1. Quick check: net charge around A:N139, other residues with Cβ under 12 Å of its Cβ, Lys/Arg +1 and Asp/Glu -1?
2. Within 10 Å, count the other beta carbons around each residue, average over each peptide in A:22-28, A:256-262, and list them highest first.
3. Measuring with a 1.4 Å probe in the full set of protein chains, what accessible area per residue, in whole Å², belongs to segment A:116-174?
4. Past 28 Å, Cα to Cα: identify those pairs from A:K51/A:K236; A:K51/A:K170; A:K138/A:K166; A:K127/B:K140; B:K25/B:K184; A:K70/B:K168, in the order given.
5. What's the total accessible area buried between chains B and A, using a 1.4 Å probe, rounded to the nearest 100 Å²?
6. Cα-based Rg of segment A:116-174 per 2.2 N^0.38 Å, rounded to two decimals?
7. Using a 10 Å cut-off on Cβ to Cβ distances, tally the other chain neighbours for every residue of B:177-190 and report the average as a whole number.
8. What are the residues of segment A:105-129 that lose 50 Å² or more of accessible area, with a 1.4 Å probe, going from their chain alone to all protein chains?
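The values are calculated or read from the model by the stated rules, or taken from the named source; none is laboratory data. Treat the numbers as computed from the prediction; the structure is a model and nothing was measured. Virtual Cβ from ideal backbone geometry, glycine too; neighbours counted across all protein chains shown. Just the protein is used for accessible areas: all its heavy atoms, side chains included, with ligands, DNA and RNA removed. Shrake-Rupley method; radii C 1.70, N 1.55, O 1.52, S 1.80 Å.
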Amino acid sequence: MMEAQKYVWEGAIPLQIHLHESEVTTLPPPLPALILAPRIGYLPLLIPHIKPHFNSTLPPGVDTVWFEYKGLPLKWYIPTGVLFDLLCVEPERPWNLTVHFRGYPGNILIPCEGEDSVKWSFINSLKEASYIINGNCKNVMNMSQPDQVELWHSVFNAGNLEAYLKVSSKLKLGTAGHEYSANLNSGSFVSRQSTGDTDATGQVKTGRVPVRLYVWGVSEDFDDLEDAPQIDSWDKISYINRPVEIHGEEGKCFTLLDAVKSLLPEHFQYKSLTNEESSKEEGEDEQKVPSEEGGENLSEDVESCYPSDNAEVKLVRIQGIEPKLEIPFSWVVHNLMNPEHFLHICVCLKVSQVKIPSDG
Amino acid sequence: MDISSWDGTISLAEFHVAARALVEKWKRVSSASPPWSWVSCPKQPWVASHEVEGYLSLENIILVSIKEEHDELLSFPQKEETSCSDKEESIDIATLSQSDRDEICYYDLHIVYSASYRVPVLYFRVYYSDGEPLEFEDIKKHLPAHSAKTLLDSKWTFITQEEHPYLKRPWYKLHPCGTGEWMKLLFQGDVSLARNGAAIEVYLISWLSFVGQVVGLRIPYEMLNQL
């Protein structure tokens with residue numbers, strides 16, 4: 001089990017970073033900087049390594065560093081690996097990025113003041129994950145100063161998995177289904193929740209898993225990744241920051257596909273037209289009570305339902321790999337999550353052209 | 001609702017109910033003030049969907065601290081209208097001196113549901129009359145005194161700057177970390193709230209009465225009355 005985590009931790013993207021031409025004041029222009037960026041890291045953390053490369057050619061002024069890929073300003077608080085998986089559907093090696101030291105697009109990107117900003121963003125995400133898993137942020141808030149430093153350094157350097165695991169285990173962020181006896185060969189699977197309560201019958205309660213889903217849609221099919229449309233605007237990506245809720249039902253396996261579908265109910269959920277729901281639909285507020293039972297609800301509602309506008313999952317990419325969708329979700333979470341305990345999933349959906357008109 | 005076992009959080013569906021209740025009551029009670037409105041947003045911009053999410057919005061309002069010592073805060077609509085309730089001082093904006101007028105800044109307030117924390121979250125932006133956004137340091141100066149102090153004591157854990165979940169632009173946000181806990185305390189402390197079956201309907205109103213103090217939004221007294 002350690003192996004998968006280790007691979008993830010050590011994963012890196014080769015970057016070729018070009019200084020934006022408007023900031024080149026010398027001839028010949030500087031060569032691009034080549035750097036290996038940890039997948040679990042963040043772009044601003046690379047600046048101390050890149051800056052010396054371009055220092056002598058920069059125009060006078062204060063540094064306000066930001067990165068861009070094919071004109072798209074990159075959100076610095078998204079882990080580097082996720083940016084790559086999302087924006088580079090056909091992986092480009094090295095990944096060619098442009099760096100700016102001036103003219104920060106403050107109307108689009110939230111400010112970044114170097115390592116401190118990244119660290120705070122990381123800790124905030126960790127708190128959010130802690131809240132999702134445990135219902136409070138206490139463990140993170142009560143971390144000792146040395147532990148905090150150790151945690152951040154292990155992430156910052158992305159070198160010391162053991163150090164990270166040591167500190168991180170104190171946070172008691174074992175997620176639902178984390179402890180499981182998996183018999184992957186036979187396909188059977190029993191999940192148990194490590195943090196939930198069990199009642200007398202052994203039924204476990206719902207657990208929540210921190211997930212960040214980045215979804216983009218295509219209306220035309222593509223077979224080759226090269227033919228996939230380029231994402232040239234953040235508006236084309238739907239960012240869903242919502243926990244996946246899972247049950248630990250005996251004998252039932254909650255798969256990666258189940259998890260993805262539970263976060264996109266409008267594409268996959270069967271709608272039940274009971275009296276209760278139709279009375280809730282008023283005016284422009286067409287609200288569907290979100291099912292908190294993931295995929296397990298479907299069989300109960302079969303009698304009075306119609307399929308929604310079903311989409312097809314074209315691509316699911318996590319940490320640069322495309323896991324088989326039948327894999328137990330808890331395995332995916334435990335092995336592919338980022339250090340702040342969020343699982344980042346990039347999904348491409350193919351949606352049909354003809355859409356059911358909205359009632360609203 | 002069983003208050004004793006409740007953790008102070010609400011579901012998305014409950015948020016919608018509470019939001020509707022806030023909008024309606026605010027309109028009824030505070031008809032002279034700009035109204036809270038619900039803004040619907042499609043979940044995925046690139047595909048027509050039955051599913052809409054949304055948030056509450058109150059924009060272009062002025063929150064002015066008249067006298068620092070008294071820490072009195074008003075919320076009143078723009079320009080000529082003044083809210084005239086016995087419980088509030090009314091201000092005729094025309095009598096403000098020129099320097100005061102230069103200090104006037106506008107707030108946009110959005111209430112967005114957080115699926116992670118299962119509570120509402122306040123997002124806001126502050127700008128001058130020409131639309132120029134205020135720097136964080138200047139915002140602190142405009143905040144009520146006690147709010148600014150708390151900010152200084154626990155810097156980044158209080159107000160953070162994050163991307164607005166729907167507008168995808170940098171907004172300020174009040175960190176939702178402790179919300180569940182103090183909402184539970186709030187409800188536990190009010191026996192009539194606990195007994196009242198319509199507790200969800202007042203959830204947002206109660207929440208706003210606390211959270212609004214950070215930015216200096218005064219909730220009309222009548223909003224907090226149980227019907």
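1. Summing Lys and Arg as +1 and Asp and Glu as -1 gives +3.
2. In decreasing order of mean packing, A:22-28, A:256-262 become A:256-262, A:22-28.
3. Per-residue accessible area for segment A:116-174 comes out at 44 Å².
4. Long pairs (Cα-Cα over 28 Å): A:K51/A:K236; A:K51/A:K170.
5. 3700 Å²
6. Computed over Cα atoms of segment A:116-174, the ratio equals 1.05.
7. 1
8. Correct list: A:I110, A:W120, A:N124.
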